[in-house]
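Notes follow the structure.
The values are calculated or read from the model by the stated rules, or taken from the named source; none is laboratory data. Computed from a prediction, not measured in an experiment: that's the story for all the values here. Note that each Cβ is placed from the backbone with ideal geometry, even for glycine, and that neighbours are counted across all protein chains shown. Note: accessible area is taken over every heavy atom of the protein model, side chains too, but ligands, DNA and RNA are not part of it. Shrake-Rupley method; radii C 1.70, N 1.55, O 1.52, S 1.80 Å.
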Amino acid sequence: MLKKLFQSFRPPVPGQHHRRTTPEVINKSQHSLQRSQFSRHAVGIVERLQAAGYQAYLVGGCVRDLMLGISPKDFDVATSATPEQVRAEFRNARIIGRRFKLVHVHFGREIIEVATFRAPHSDEDQADSHRSSHNASGRILRDNVYGTLEEDAQRRDFTINALYYDPVNERVLDYANGVHDIRNRLLRLIGDPTHRYQEDPVRMLRAVRFAAKLNFGIEKHTVQPIRQLAKLLREIPPARLFEETLKLFLNGQGAIAFEMLVDLELFEPLFPASAHALEERPNYTHSLISQALANTDLRVKQGKPVTPAFLFAALLWPALPSRVLYLQSQGVPPIPAMNGAAHDLIAEQCQRIAIPKRFTLPIREIWDMQERLPRRSGKRADMMLDNPRFRAGYDFLLLRESAGEETDDLGQWWTDYQDANDSERREMIRELGSRDDGTSAGPRKRKRSGSKRKRDDEQAWD
Ligand code: ATP
Ligand code: MG
């Protein structure tokens with residue numbers, strides 16, 4: 001069944017009918033890649049494996065990105081050597097993974113991932129459940145069936161990710177017309193799209209990620225089944241979805257990725273409560289999330305640190321009010337209602353996307369801070385400035401305002417307060433007077449003076 005699909009993908013080359021596919025070989029003079037553009041450690045691994053008699057290539061994102069003039073995030077190697085054979089060649093190598101066994105070769109902080117050629121799954125393999133297994137909807141649960149280079153190319157996701165670069169003779173092998181699709185800036189799944197998404201629904205998210213990051217179109221057969229299959233994402237382990245979501249939103253094109261996720265109905269299975277808010281209050285919700293992502297994109301492009309907690313705080317914030325109101329309608333007082341709603345919302349979200357504790361805590365703190373920022377009297381404002389989360393809470397307040405939330409100019413007040421000197425600050429607190437709800441502004445010692453606005457690139461946590 002699978003073989004038929006792969007055969008139909010590309011017309012057989014005359015005289016090569018016995019082969020499923022033959023690569024197009026692109027020589028040094030026909031491509032722009034240079035050996036020196038690749039990590040020397042990765043090139044060293046390929047040379048060493050070839051010298052030991054194995055086939056070995058640089059593959060995947062690094063070849064694709066360099067062809068597009070982008071600097072690759074990491075370098076992957078594919079080889080005919082098994083993980084055990086690879087490990088035997090390198091002292092600094094470790095086998096990792098169960099679902100998909102790989103070797104990590106360590107060079108200080110750089111890790112090169114070395115994968116053994118995989119074969120596409122055939123029905124016979126199903127009998128051997130140690131190496132390969134599927135669930136009822138066709139999802140691949142284990143993928144340790146080794147194969148040839150040709151087979152490895154067919155089981156990769158997109159044609160542009162199936163290019164193999166040999167740094168020794170400086171040739172590129174193209175089994176799936178990947179170079180053609182790079183030229184036309186088109187994302188095309190290898191094989192039958194429905195089948196490939198059923199095997200691994202995360203490929204739908206990868207399609208969005210690459211289209212957004214590379215500014216590529218998605219070929220029509222590749223895009224067509226997505227809306228219908230989007231719900232398959234519910235079966236994916238939440239920890240994997242956390243990793244994928246971060247990659248989608250932190251690659252510098254998160255705002256575009258968000259638009260595409262919504263359009264392709266992939267947002268709902270990832271963020272059900274936020275998708276609901278998007279229906280209830282479309283303008284506000286859309287504006288808040290896309291503004292948060294646009295800010296994040298800018299920071300990524302400027303090389304500034306970004307924190308997933310801030311982003312998740314924004315993604316989930318629009319889903320909070322209806323929950324708070326519900327709890328209040330049940331007689332819960334405002335502050336406990338807010339806390340209860342925040343807790344429930346995060347717990348529910350973690351069923352889909354496993355947000356680690358080190359991020360859920362700061363999400364709660366950012367939200368808590370939204371309650372506290374209006375209360376500025378007495379020493380409160382100064383204590384707030386000393387809070388390590390102040391910057392994130394303040395940025396979040398500005399974000400809410402930019403999405404149209406009415407806050408009585410609270411953001412501007414805090415901006416001015418940070419820029420004010422001691423006596424100006426005292427005056428600002430006095431002016432709040434009876435408008436404020438808190439304790440009276442008595443005499444006190446000041447720690448801060450002059451312009452103490454926290455720097456934009458300061459990280460509140462890590
Ligand atoms: P980047 O590292 O820039 O995010 P990449 O294409 O290198 O992009 P990786 O996740 O590092 O992505 O995967 C390396 C390669 O492994 C891919 O280029 C692709 O060929 C293959 N691959 C990764 N994930 C899948 C998948 N879910 N299905 C099929 N092939 C995959
Ligand atoms: Mg990669």
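If I filter segment 67-90 down to residues being open to solvent by 50 Å² or more (accessible area, probe 1.4 Å) and within 16 Å of ligand 1 (Cβ to nearest atom), which single residue comes out as farthest from the chain's Cα centre (by Cα)? Per the criteria, the residue is GLY69. Checked against the criterion of being part of a helix (DSSP H, G or I), open to solvent by 50 Å² or more (accessible area, probe 1.4 Å), more than 10 Å from ligand 1 (Cβ to nearest atom) and among the hydrophobic types (A, V, I, L, M, F, W, C), segment 41-54 has at least one qualifying residue.
Taking GLY252 and the conditions (1) assigned to a helix (DSSP H, G or I); (2) outside the structural domain of ARG400 (by TED's automatic domain parsing), which numbered condition does it fall short on, given that it satisfies the others? With respect to (1) assigned to a helix (DSSP H, G or I); (2) outside the structural domain of ARG400 (by TED's automatic domain parsing), GLY252 is out only on (1). Only one of the numbered conditions (1) within 16 Å of ligand 1 (Cβ to nearest atom); (2) part of a helix (DSSP H, G or I); (3) within 15 Å of GLU113 (Cα to Cα) is violated by ARG64, and that is (3). I'd like to check something: does segment 183-199 contain any residue that is within 16 Å of ligand 2 (Cβ to nearest atom) and part of a helix (DSSP H, G or I)? Looking for residues that are within 16 Å of ligand 2 (Cβ to nearest atom) and part of a helix (DSSP H, G or I), one finds none in segment 183-199, hence no.
Among the residues of segment 373-413, those identified as at pLDDT below 95, among the basic types (Lys, Arg) and surrounded by 16 or more Cβ atoms within 10 Å (Cβ to Cβ) are ARG376, LYS379, ARG380, ARG389, ARG391.
Where helices (runs of 4 or more DSSP H) fall entirely within segment 255-326, those with at least 1 residues that are modelled with pLDDT of 95 or more and polar (S, T, N, Q) are at 272-280, 282-301. Among the residues making up segment 92-101, a single one is closer than 15 Å to ALA42 by Cα and not in a strand (DSSP E or B): ASN92. The residues of segment 196-219 that are open to solvent by 10 Å² or more (accessible area, probe 1.4 Å), more than 10 Å from ligand 1 (Cβ to nearest atom) and either charged (D, E, K, R) or touching a helix residue (DSSP H, G or I) at 6+ places or on another chain (Cβ under 6 Å) (or both), listed by number, are ILE218, GLU219.
Does GLY61 satisfy the criteria of being modelled with pLDDT of 95 or more and either within 12 Å of ligand 2 (Cβ to nearest atom) or open to solvent by 20 Å² or more (accessible area, probe 1.4 Å) (or both)? The answer is yes for GLY61.
Exactly one residue out of ARG391, ARG426 is outside any loop (DSSP other than H, G, I, E, B) and under 25 Å from ALA341 (Cβ atoms), and it is ARG391.
Within segment 187-202, does at least one residue satisfy the condition of being among the β-branched types (Val, Ile, Thr) and farther than 21 Å from PRO72 by Cβ? Looking for residues that are among the β-branched types (Val, Ile, Thr) and farther than 21 Å from PRO72 by Cβ, one finds at least one in segment 187-202, hence yes. Scanning segment 40-97 for residues that are farther than 27 Å from ARG206 by Cβ, of a type in the set (D, E, K, R) and touching a residue at least 40 places away in the same chain (Cβ under 8 Å) turns up GLU47, ARG48, GLU89.
Selection of first residues in segment 241-267 that are free of Cβ contacts under 8 Å to residues at least 12 places away in the same chain and of second residues that are open to solvent by less than 40 Å² (accessible area, probe 1.4 Å) and part of a helix (DSSP H, G or I), restricted to Cβ pairs under 8 Å at least 6 apart or on distinct chains, gives the following pairs, ordered by first then second residue: PHE267/PHE258; PHE267/LEU261; PHE267/SER274; PHE267/ALA275; PHE267/LEU278.
Is it the case that THR245 is at pLDDT below 95 and either open to solvent by less than 40 Å² (accessible area, probe 1.4 Å) or not charged (D, E, K, R) (or both)? Criteria not met by THR245. The condition (being of a type in the set (Ser, Thr, Tyr) and either more than 29 Å from ALA342 (Cβ to Cβ) or in contact with a Lys or Arg (Cβ under 9 Å, 6 or more places away or on another chain) (or both)) is satisfied by just one residue among THR222, THR245: THR222. Looking only at residues of segment 181-193 that are open to solvent by less than 50 Å² (accessible area, probe 1.4 Å) and touching a residue at least 60 places away in the same chain (Cβ under 8 Å), we find that the one that is farthest from LEU250 (Cα to Cα) is GLY191. Among the candidates PRO237, PRO282, PRO272, the residue that is within 25 Å of ALA341 (Cα to Cα), open to solvent by 20 Å² or more (accessible area, probe 1.4 Å) and within 16 Å of ligand 1 (Cβ to nearest atom) is uniquely PRO237.
Condition first: of a type in the set (S, T, N, Q), in contact with a Leu (Cβ under 6 Å, 6 or more places away or on another chain) and either at negative phi or without any contact (Cβ under 8 Å) to a residue 12 or more places away in the chain (or both). Can you find one or more residues in segment 194-210 that meet it? No.
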